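As C-alpha cells, the structure follows; a few thoughts come after it.
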Amino acid sequence: MNKPDSLIFDLDGTLWDALDTYLESWNLGAKAENLNRTFTRDDLHYVMGWERSKVLDHLFPATSKERQEEIYKTINEYRLKIMPQMGGVLYDGVREGLIKLSEKYRLLIVSNCPANLITEFMKWADIENYITDEMAHGVNSMPKHHNIKLLVDRHQLKNPIYIGDTHGDSLETRKAGLPFVLVTYGFGTSDDYDLKFDDFNAFTDHFLNL
C-alpha cells in the first residue's frame, strides 16, 4: 500500500455509533405511519451499512416500493429532527484524531446513509472545518464504490484509502480500486483488508507517523 494522501471514512461503525438515535427515529416514524411494529436495536444493527433499497426490502418485504419510500421519508424526517439533540457516541479518539490527521491528509466521508446525515453528524461533532468533502448514498442512490470514485475524481486524489468496519465496505472499496483499512470496533468485520486497527487512537498514531 502506497503512502496515502487522503483518508476516506465510512460513518456508522467507523466514526460513531448512533444506533439509539436511529432506533428512536424508526419507531417514531413507524408510529406516525400507523405501522403495527416496534423496531429493536438488533433489527437495525443487522442492516447497518446497507443501501436504502436493500434495507427497505429486508424490513418491509411485503410492501410496495412506493409505500416503502413513504415510510422511509417519514423516518428520516424524524431522524433529522432528533439528531441535533440525541446525536450519537463518537468512538474514543475520533474527534481529536481527525483534527490531527487533517493537518497531514485530506479527510472525506462516504456513507450509505440518507442525504444530509453526514452534514448533521459533522455539525454535531464540530468537525466541519476538518472534512474536505462528503457523499451520502441518499443524495444520488448510487453504490458506495461509485461515490468513493466520485470524490476521488472530484478532488484528484492520488493515493486515497478507505476506512470502514464491514465486509460490505471492503467489497465496495475493492470495486473502487482502493486499499481498505478495517476498524474492528464497529458493526461488522471482514477478512479482506490491507491494515486493521482495534481502536481509532492506534489508527491515528499509525497514519501520523507515516
Expressed in angstrom and rounded, the centroid-to-centroid distance over alpha carbons for segment 52-92 and segment 115-134 is 19
From the residues VAL47, PHE60, SER25, which one has its Cα farthest along the dipole of segment 1-61 in the positive direction, the dipole being from +1 and -1 charges on Cβ of Lys/Arg and Asp/Glu about the Cα centre? PHE60
State to the nearest 20 debye the size of the charge dipole of the chain about its Cα centre, where the only charges are +1 on K and R beta carbons and -1 on D and E beta carbons. 520
List the aspartates and glutamates whose Cα lies under 18 Å from the Cα of LYS158, skipping any in the same chain that are fewer than 8 positions away. ASP5, GLU103, ASP133, GLU134, ASP194
If you bin every alpha carbon distance in segment 59-119 into 5 Å steps from zero, what whole percent lands in each bin? 4, 13, 16, 18, 17, 13, 8, 6, 5, 1
At a Cα cut-off below 22 Å, give the lysines reachable from LYS81, other chains included and same-chain residues fewer than 8 away excluded. LYS31, LYS73, LYS123
Report, in deg cm²/dmol and to the nearest 500, the calculated mean residue ellipticity at 222 nm for the chain, where each DSSP H run with n ≥ 4 adds -39500 (n - 2.57) and the sum is divided by the residue count. -14500 deg cm²/dmol
At R0 = 30 Å, how high is the FRET efficiency between TYR185 and GLU70 if r is their beta carbon distance? Nearest 0.05 is fine. 0.30
Cα gyration tensor, segment 85-150 - rounded (a/c under 1.5), prolate or oblate: oblate
Under the classification rounded if a/c is under 1.5, otherwise prolate if a/b is larger than b/c and oblate if not, where does segment 22-65 fall, given a ≥ b ≥ c as square roots of the Cα gyration tensor eigenvalues? oblate
Kirkwood Rh over Cα pairs of the chain into Stokes-Einstein at 37 °C, 0.692 mPa s: D in µm²/s? 188
Cβ-based net charge around GLY49, under 12 Å, with every Lys or Arg adding one and every Asp or Glu removing one: -3
Under 10 Å, Cβ to Cβ, from ILE109 - net charge with Lys/Arg +1 and Asp/Glu -1: -3
List the extent of the Cα atoms of segment 100-209 along each of their three principal axes, largest first, rounded to whole Å. 30, 28, 28
In nm, to one decimal, how far is the LYS81 label point from the THR63 one, both placed 7 Å along Cα→Cβ? 1.7
I want to check the label-to-label distance for SER141 and ASP92. Put each point 7 Å from Cα in the C-beta direction and report it in nm to one decimal. 4.2
Total charge of the residues flanking PRO160 in space, meaning their Cβ is under 10 Å from its Cβ, with Lys and Arg +1 and Asp and Glu -1, is +2
Among GLU77, GLU66, GLU24, what is the fewest-to-most ranking by other Cβ atoms within 10 Å? GLU66, GLU77, GLU24
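FYI, it's all coordinate maths here, none of it is from the lab. Bear in mind that the values here come from a model prediction, so they are computed numbers and not experimental data. In this analysis, Cβ positions are derived from the backbone assuming ideal geometry, glycine residues included, and neighbour counts consider all displayed protein chains.
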